[in-house]
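The next block holds one structure in the form of structure tokens; read it before the comments.
The values are calculated or read from the model by the stated rules, or taken from the named source; none is laboratory data. Keep in mind it's a predicted model, so treat the numbers as computed, not measured. Neighbour counts run over all protein chains shown; Cβ positions are idealised from the backbone, glycine included. Side chains included, ligands, DNA and RNA excluded: accessible areas come from the protein's heavy atoms. Shrake-Rupley method; radii C 1.70, N 1.55, O 1.52, S 1.80 Å.
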Amino acid sequence: MNIKNALRTLLLLAAWVTGLSLYAQSVDLPTFYAQADGKKKAELKNAFHDIIGYADVLAYGGGNGKTWFGFYQTDRMADNEVRDRYSYEHHYFTAGQYTSVTGMDIEHSFPKSWWGGDENQAYRDIHHLMPCESRINRSKSNNGMGKVTEITNNNGCSKVGKGPGAMGELIYLWEPADEWKGDFARAVFYMVTCYQNLTWQGDRALESLTNSDWPTLQPWAYELYLQWNREDPVDDIEIARNEAVYRIQHNRNPFIDYPSLPEYIWGDSIDYDFDVSLPHQIEGSTTPHPDYANTLTIDVTSLEWTEDTHETYGEGFTATLRGLTLGYYKNTSRTALVNVSQYSQLRLYKGSVFVITGADLKSVKVYGLSGYLNPLEIDGEAYTFDEDKELAWQGETNEFTALASEGQVRFTSLTVVMDNIGPGPGPEPLDSTLLLYQAFKSAGPGSFTTVKANGSQSQVWAYDNKYGMVANAYSYGRSGDEWLISPAIDLTSQQGATLEFRHAVGYNNGGDPSTMFEVLVSNNYAQQPNAATWTRLEPEWPTELLSATSKFTGFISSGRLSLDDFAGETINIAFRYRATSSKCWAWEVDGFQVYGLPLPTGIDDNYMSPVEAEDAVFDMNGRYVGTEVPTRRGIYIVRRGGYTYKRFVK
């Protein structure tokens, strides 16, 4: 690893440990993968095989507890659409059901014939099983994955045909779309590590694989997949899927958790020991890609927007986040701007402007809403939305200004890349660590689960890309006790923590939402809410309606809720929604974030005690506790051998 990459790794580590990373896993990765620490090359691959080699896989097929039940958790988009990585056709789940979807197959991205087709663990492993449009599935057959140069079938997303294998010889291959190349490469890396003990069979398999624990992949294959891993980095969709599969199977894809891991097994870092405590983001050697340490995805609907006046652009609204100031102003527009919270979207009318200041920006990507995708004028040049409803700008500026020059533009989120991201909200921001963040509107439920009080699946809590996670029992009998529950949050190394989120309520006609809705914390939750012990938190509740005729309030902050009583424990946080025939209200939740204040991570430098005295230990209140450090959790002042120092016990 060269000096530039080593320096970059240190910078990423600094960002990681200070809580600037926006992506939080549901497990402590260094602990989960401790067995692989300090290893390299073949020994490293073997260690990860031992860690991930067992999975609680689902039964194969459609129905509750089977593969399509898993896909419902891992590949369900807004409006119940199935996420298909092989085709741009649209297929939909039946809400609340886990039957197979017409026109789609369960596709083994790593062909089952390569190990002889046995219906073993690999046959049912959702880390590589994907929902796939039936026709392209039949066309790709059991081909290996590579660069197709002689195309026989192309559905606009996947290509099938022939391309170069070993020594450039043409072999049968299929090729995914550019946006999925890294995802599939990391799935292959997972499969040849998790199942390196299988025997590969047939010409197609042995064109890509070797029957060995290392490297398992043919050189032409791992060299190409390393390139794809660099050029198409891990994104939110892939992270969320890894978390969802982990909840089902209890094993993980480490090549998603550590994007540079392939380099330590097959690439440019095979001579270096792997350190599981580092984030291991990767810098592509050929094609630039987002630097997660300096990338911020902003859900504009979760911000606190206040009326403001710009000296040039006039009346408008501003909000702040991580050192950035975002503003949108009327400028020459003849239409008065509206606050984001009124419609859960930012509206730029023709002639109005959108401004970002507070950092040296490198790129901005706006995710537009259908029907309102007019061009934006930036630096005198018109930028248009592409077929994915994305508008991208790159350059260098410390004030980004976009003019809605031709018509109205609407959006709910955007991504910015900058030189430095400021610290996020939380207790003592410079010292706090982001433990869990979920922007429900832009990223869906993520690792959160929805259950009834008895632990069975709940359909009342549902994802909506405009309002976040929404509970409304009107169509479900106007009654219920429904829970939205976070993944486990580890506070064992924290001396304090806070929770903050944004929410709105509706149809309560002035009724007190706290009588039907609750925010709760448990340190013993295990899949069944009514069997756990819960402590109630007291958030701020929204009361002000969007308008005189509206049935809903605007989104407000819950306020910063203390979790200090749970420091040293592992907890789950729940949003409990209850409804009756006379009180069937609605609850909308977004922008969930938990920050922790870590315990000290070491012992202060010793200093000579000014008093010659016997060895002693005191607690932080100055009380004498003995001559030995207690085993109970806390911070202690130790006087020993003429020196005084601080020690903490987890």
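See the values below:
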| read-out | value |
| --- | --- |
| Residue in segment 629-650 that is surrounded by the fewest Cβ atoms within 10 Å (Cβ to Cβ), counting only those that are at pLDDT 70 or above and not in a strand (DSSP E or B) | Thr631 |
| Single residue of Ser609, Ser562 found to be surrounded by fewer than 21 Cβ atoms within 10 Å (Cβ to Cβ) and either among the hydrophobic types (A, V, I, L, M, F, W, C) or modelled with pLDDT of 85 or more (or both) | Ser562 |
| Unmet requirement for Ser212, which otherwise passes all of (1) under 19 Å from Ile52 (Cα atoms); (2) without any contact (Cβ under 8 Å) to a residue 60 or more places away in the chain; (3) not in a loop (DSSP other than H, G, I, E, B) | (3) |
| Matching residues, segment 164-182, being part of a strand (DSSP E or B), open to solvent by less than 20 Å² (accessible area, probe 1.4 Å) and within 24 Å of Glu263 (Cβ to Cβ) | Leu173, Glu175 |
| Restricting segment 82-96 to residues that are touching a residue at least 12 places away in the same chain (Cβ under 8 Å) and open to solvent by 30 Å² or more (accessible area, probe 1.4 Å), the residue that is nearest to the chain's Cα centre (by Cα) | Arg83 |
| Failed item, numbered, when Gly568 is tested on (1) part of a loop (DSSP other than H, G, I, E, B); (2) within 30 Å of Gln345 (Cβ to Cβ); (3) within 27 Å of the chain's Cα centre (by Cα) | (2) |
| Any hit, segment 489-496, residues being within 21 Å of Trp541 (Cα to Cα) and either assigned to a strand (DSSP E or B) or not small (Gly, Ala, Ser) (or both) | no |
| Those residues of segment 319-329 which are in a strand (DSSP E or B) and open to solvent by 20 Å² or more (accessible area, probe 1.4 Å), in sequence order | Thr320, Leu321, Thr325 |
| Residue check, Ile265 modelled with pLDDT of 90 or more, closer than 26 Å to Asp84 by Cβ and of a type in the set (A, V, I, L, M) | no |
| Filter result (touching an Asp or Glu at 6+ places or on another chain (Cβ under 6 Å) and either of a type in the set (Phe, Trp, Tyr) or at pLDDT below 90 (or both)) within segment 277-313 | Gly284, Thr287, Ser302 |
| Which listed residue, of Thr332, Thr357, is open to solvent by 30 Å² or more (accessible area, probe 1.4 Å), part of a loop (DSSP other than H, G, I, E, B) and among the polar types (S, T, N, Q) | Thr332 |
| Subset of segment 116-163 (residues that are charged (D, E, K, R) and in a helix (DSSP H, G or I)) | Arg124, Arg135, Arg138, Lys140 |
| Filter result (in a loop (DSSP other than H, G, I, E, B) and of a type outside the set (A, V, I, L, M)) within segment 379-405 | Asp379, Gly380, Thr384, Phe385, Asp386, Glu387, Asp388, Lys389, Ser405 |
| Options Arg241, Arg252, Arg247: the member that is under 30 Å from Gln527 (Cβ atoms), charged (D, E, K, R) and not in a helix (DSSP H, G or I) | Arg252 |
| Whichever residue in segment 99-120 is under 29 Å from the mean Cα position of the chain (by Cα) and open to solvent by less than 40 Å² (accessible area, probe 1.4 Å) and, among such residues, is nearest to Met191 (Cα to Cα) | Phe110 |
| Qualifying positions in segment 47-81 - buried (at least 17 other Cβ atoms within 10 Å of the Cβ) and under 23 Å from Asn211 (Cβ atoms) | Ala47, Phe48, His49, Ile51, Ile52, Ala55 |
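Here's the yes/no breakdown for (1) polar (S, T, N, Q); (2) free of Cβ contacts under 8 Å to residues at least 12 places away in the same chain; (3) within 20 Å of Phe255 (Cα to Cα):
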position: Ser109; (1), (2), (3): yes, no, yes
position: Glu119; (1), (2), (3): no, no, no
position: His128; (1), (2), (3): no, no, yes
position: Ser158; (1), (2), (3): yes, no, no
position: Pro176; (1), (2), (3): no, no, yes
position: Gly182; (1), (2), (3): no, no, yes
position: Asp203; (1), (2), (3): no, yes, no
position: Leu224; (1), (2), (3): no, no, yes
